[in-house]
Structure formats: structure tokens, C-alpha cells
1. Can you pull the three principal axis extents for the Cα set of the chain, in Å, largest first?
2. What is the sum of charges around residue 184, taking Lys and Arg as +1, Asp and Glu as -1, for the other residues whose C-beta is under 10 Å from the C-beta of residue 184?
3. Give the span of region 1-88's Cα atoms along each principal axis, as three whole-Å numbers ordered largest to smallest.
4. Treating the beta-carbon of each Lys and Arg as +1 and of each Asp and Glu as -1, no other charges, what is the dipole magnitude of region 1-137 about its Cα centre, to the nearest 20 debye?
5. Only counting other Cβ atoms within 10 Å, I'd like 68, 74 sorted with the fewest neighbours first.
6. Any idea which of 247, 100, 75 is furthest toward the positive side of the dipole for the chain, if Lys and Arg beta-carbons carry +1 and Asp and Glu beta-carbons -1?
7. Mean Kyte-Doolittle of at least -0.5 and a Cα length of 20 Å or more along the axis: which whole DSSP H helices of the chain meet both?
8. Around residue 196, with a cut-off of 15 angstrom between Cβ atoms, what is the net charge of the other residues, counting Lys and Arg +1 and Asp and Glu -1?
Amino acid sequence: MWWVAPLGLIIGITLGALGGGGAILTVPVLVYLMGQPPHAATAGSLIIVGLSAIVGMIPHHRARRVRFAEGFLFGGLGILGSVAGSAASVSVPPTVLMSMFAVLMYAVAILMTRKRRAAAKDRRTHAAAGTTPPEAAPLSWSAVRRDRGALLRVVLAATGVGLLTGFFGVGGGFAVVPALVLALGFSMPTAVGTSLLVITLNSATALASRLGGGVEIDWPLILTFSLFGAAGSLLGGRIAQRANPNTLSLAFTLLLVAVGSYVAVVNVPALF
């Protein structure tokens, strides 16, 4: 299928540039363009997402935008949620699973829109005052342990991301990035780079749970898709250094709405 290459590149570029989001398109692509059953698609998506995240992390690591200690701890805290999500997904009917996926895509589009508007408002406020937005100092794990409020936020965020990864077969980067910014005070570039490490850990855990459940994976298709996704994630890491992130975010939000609408139109009527 000739569209494996361009679609893999697009998803990889989005993942590398934004630290998440592109993976949410993988499941609809595998189901509606590649003809994969929904449960097999969510499992195969974890392979594509995980490998793309590993490769996409390389340019971010070189630019020192990956905090390994915090990333491993965040990913470790999400393991329980990832396993639980994987177990729950197997028992959900395919039509219901895809309908819920459409809702998730709309939710992500709304979150990205709110985040983009908040950032634009902050820039206008500081521009009018002739100042630059301050960058909060990131918290270390030792600091989080001393702050019960911060610790609770990290545990809840990590568990929630793990649930999303296991249940839907997505990397959860769209939730990891804001969680790292809000809970640990990371700058956006550092949050994007570190999120790729968390995505890799969550994807590996969820995949291990899925494979134990007897899900069949079309390995030639998934590995080919992963190859182009990995190449795209490398390119996305470079784009993140040059392109306007707001433009990338807006374009991806529109794509989410379009794909989510298609998934909803196909599946929601079948529920009634």
C-alpha cells in the first residue's frame, strides 16, 4: 500500500515535533486504510508509536531536552494504568472502542486549542507590558517528593496517561507534555523531549500486556509503518527547532477534528 510511507512520515513528524498527538492518528489509519481489526490496530499502534518515539528522542537528547530520571519515574508510575487499560480494552466491542476513540480525538483537539489560546493570550499580555514570559525552574524528583501536592499531581497524571496508552493504543504524549509542564514545571522543549521517553516506556508495557492476550499483529505492515514513522520523528525533532509550534498545533488540531468526525460517522450510528 503506497500510502504507508506518507502516513508514517506524517505521524512520525507530528510525534517528533510536538512530543505527542501523531500517535492518535495511527489507530484510525490502521483500521480504515489498512483494514486492520480495531484490537489488532491498537496493539500494532503501540509498536509504531514506541519505535518512533525512541528514534525521535535522539535529536532531543542531543539538544539536552530529555530529563531521563524524571522520565523513567513518570513512565514507571504509569505502568499500572497501562496494564489495566490493556486488560479493559480487550473486552470492549470494536464499534464501541472506535466510538470512544472518536470522543478522545475531539477531547484532544479541544485541549490543544485551549492550550494554544492560553499561550497566545500570555504572549499578548507580556508584549503589551514590554516583558518576556518567565520560565519556571523545573522541579527535580527530590523536590516533588517533598511537595505532597506535586507528588499527587504526578502520580495521577502518570496513571491517567498509562490508562490511555493501554486502552487506546496511543502514546499519550498529548497528556504527558502538559503534565510535565504543570506538575514538574518543565519548559515546553524539555517536556516534548522527555515525553518521548515516557511514551516509549508506556507503549512497551501496554504492548507486553496485549501480546499476552493472543492479539495477532501484521508484522510486515506494522514494521514498515514503524520504519517511516521513525524517519518522520527524526525530521520532526529538527522541525521543532525551526517551525512555529502554534502553526503545527493548529494544523494537527484541524486534522484531529476531521479524522474524529469520520470515525464518529462510521461507528456511532451502529451503537443505536
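Bear in mind these aren't lab numbers, they're just calculated from the coordinates by the rules spelled out. Bear in mind that the values here come from a model prediction, so they are computed numbers and not experimental data. Quick reminder, even Gly has a Cβ in these numbers, built from the backbone with ideal geometry, and neighbours come from all protein chains shown.
1. 53, 39, 36 Å, listed from the longest principal axis down.
2. Details: positive: 67, 153; negative: 70.
Around residue 184, the charge tally is +1.
3. 39, 32, 15
4. Details: 11 positive and 3 negative charges, 117 e Å.
Result for region 1-137 is approximately 560 debye, rounded to the nearest 20.
5. Values: 68 11, 74 28.
Result, fewest neighbours first: 68, 74.
6. 247
7. Result, helices passing both filters: 4-18, 38-62, 94-129, 148-168, 188-211, 219-242, 245-267.
8. Working: positive: 62, 64, 65, 67, 238; negative: 70.
Computed value for this residue: +4.
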